[in-house]
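First up is the structure itself, then whatever we jot down about it.
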Amino acid sequence: MDSKDLSISLEELQLAARNHGMPLEALRYSITPVGLHYLLIHYDIPLTEAESWSIELGGLVDRPATLSLEALKLRDSEELPVTMECAGNGRARLDPRPVSQPWLLEAVGTARWRGAPLGPLLEEAGVAGGAVEVLFTGADSGREGGIDQQYQRSLSIDDVLDSDALLAYEMNGAPLPPQHGFPVRLVVPGWYGMTSVKWLTRIDVLGEPFAGYQQLHSYRLRQQEDEEGDPLSRMLPRSLMVPPGRPEFLTRERIVDGPCALEGRAWSGHGEIVGVDVSDDGGQSWAPAELGDSPGRWAWVGWTYRWDAEPGSYELCCRARDSAGNEQPVEPLWNLGGYANNAVQRVPVTVV
Ligand SMILES: Nc1nc2c(c(=O)[nH]1)N[C@H]1C(S)=C(S)[C@@H](COP(=O)(O)O)O[C@H]1N2
Ligand SMILES: [Mo]
């Protein structure tokens with residue numbers, strides 16, 4: 001048998017050092033403090049200025065417009081608590097591991113995003129006949145898959161109108177920080193993070209589906225390179241627990257003193273969370289956790305479970321189920337990009 005090399009390369013470490021996750025103990029906050037929210041930036045954080053910023057709204061619209069930050073802030077605004085998760089969360093647990101940002105489980109956060117709802121803006125601009133998609137362009141650029149590009153993603157017109165999408169300029173009550181898209185980003189509740197384009201400079205209504213790299217090549221569930229694959233969209237259900245007790249420094253394995261309350265949060269982009277189960281034997285037997293509060297319909301829900309722990313070694317797991325009938329699998333499902341791996345969390349614990 002081959003001995004498998006599971007080691008992380010320096011290139012992956014370089015990505016991981018730039019794009020930090022949310023330490024799982026921060027699951028204790030229903031709204032993630034800004035500096036603890038995960039970050040994913042494909043290229044460089046662009047240097048952006050509020051005063052000179054504008055968003056061009058064009059393409060197949062009757063009334064193209066240029067929106068300054070001032071003008072955007074004068075519009076009716078809404079604040080939505082939104083749980084955002086990177087589609088690559090869980091990638092580092094796949095075998096073989098797809099080489100990219102090596103997330104374990106921490107690529108998630110919940111923020112209060114304030115901004116102008118996108119729907120009314122498009123209605124005012126007048127979406128012309130023949131329109132099928134809306135393309136969002138960020139100010140950041142780089143080379144990926146050998147292709148020079150700006151970060152761009154599209155949504156179908158129906159998905160835009162169905163969504164509570166915001167052009168957000170505040171996060172947790174303060175202007176967006178540079179790393180989260182200052183001065184304006186798109187936030188599409190319920191969808192994996194790649195949809196929520198940061199440093200937004202253009203909105204174009206298209207008569208053809210967008211065929212750019214981040215749409216046609218990345219963010220698709222494929223087994224092979226030459227496959228088209230299904231596009232990623234909404235977040236599959238996931239539950240995470242606050243690792244109980246205290247960690248061993250290097251392995252981060254947990255040491256627990258006895259019976260304790262386990263707590264965590266669960267979310268899904270497909271519907272409400274209807275149940276969370278907990279296991280202390282690696283997923284062989286399950287018991288229901290108690291569901292708690294959620295900061296909003298697009299945000300995670302809290303859960304608790306009383307664990308009557310006897311001394312010994314355990315593997316704690318939790319799994320969530322949503323109202324659309326999706327449940328987290330016990331084993332990961334592999335795909336080329338390492339996306340949407342929502343297999344259950346496993347937390348080795350020693351009870352002393
Ligand atoms: N312009 C731009 N927008 C972007 C990205 C990017 O690299 N550039 N990354 C996307 C991805 S993959 C994710 S998961 C989210 C992360 O948002 P956050 O860093 O605010 O958590 O932003 C999305 N929007
Ligand atoms: Mo992402």
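The values are calculated or read from the model by the stated rules, or taken from the named source; none is laboratory data. These figures come from a predicted structure and were not determined experimentally. No Cβ is skipped: glycine too gets one built from the backbone with ideal geometry, and neighbour counts run over all protein chains shown. Quick note on the areas: whole protein, heavy atoms, side chains included, nothing else; ligands and nucleic acids left out. Shrake-Rupley method; radii C 1.70, N 1.55, O 1.52, S 1.80 Å.
Structure notes:
- First in region 50-74 and among the aliphatic types (A, V, I, L, M), second anywhere and in a helix (DSSP H, G or I), Cβ under 7 Å, 6 or more apart: ALA50/LEU69; LEU57/ALA125; VAL61/ALA125; ALA65/ALA125
- All of PRO259, PRO243, PRO247 fail the test of being open to solvent by 70 Å² or more (accessible area, probe 1.4 Å) and more than 20 Å from the chain's Cα centre (by Cα), apart from PRO259.
- Residue in region 192-202 that is assigned by TED's automatic domain parsing to the domain that holds VAL344, open to solvent by less than 50 Å² (accessible area, probe 1.4 Å) and small (Gly, Ala, Ser) present: no
- Within region 7-51, the set of residues being closer than 24 Å to LEU240 by Cα, open to solvent by 90 Å² or more (accessible area, probe 1.4 Å) and either of a type in the set (Lys, Arg) or in a loop (DSSP other than H, G, I, E, B) (or both) comprises ARG18, ARG28, TYR29.
- Residue within region 324-334 that is farther than 30 Å from PRO98 by Cβ and open to solvent by less than 60 Å² (accessible area, probe 1.4 Å) present: no
- Only one entry in SER68, SER100 is open to solvent by less than 60 Å² (accessible area, probe 1.4 Å) and within 16 Å of ligand 2 (Cβ to nearest atom), namely SER100.
- Filter result for LEU291 (among the aliphatic types (A, V, I, L, M), under 23 Å from ALA26 (Cβ atoms) and buried (at least 20 other Cβ atoms within 10 Å of the Cβ)): no
- Only residues that are assigned to a strand (DSSP E or B), of a type in the set (D, E, K, R) and away from ligand 1 (no atom under 13 Å from the Cβ) were counted across region 113-142, and they come to 2.
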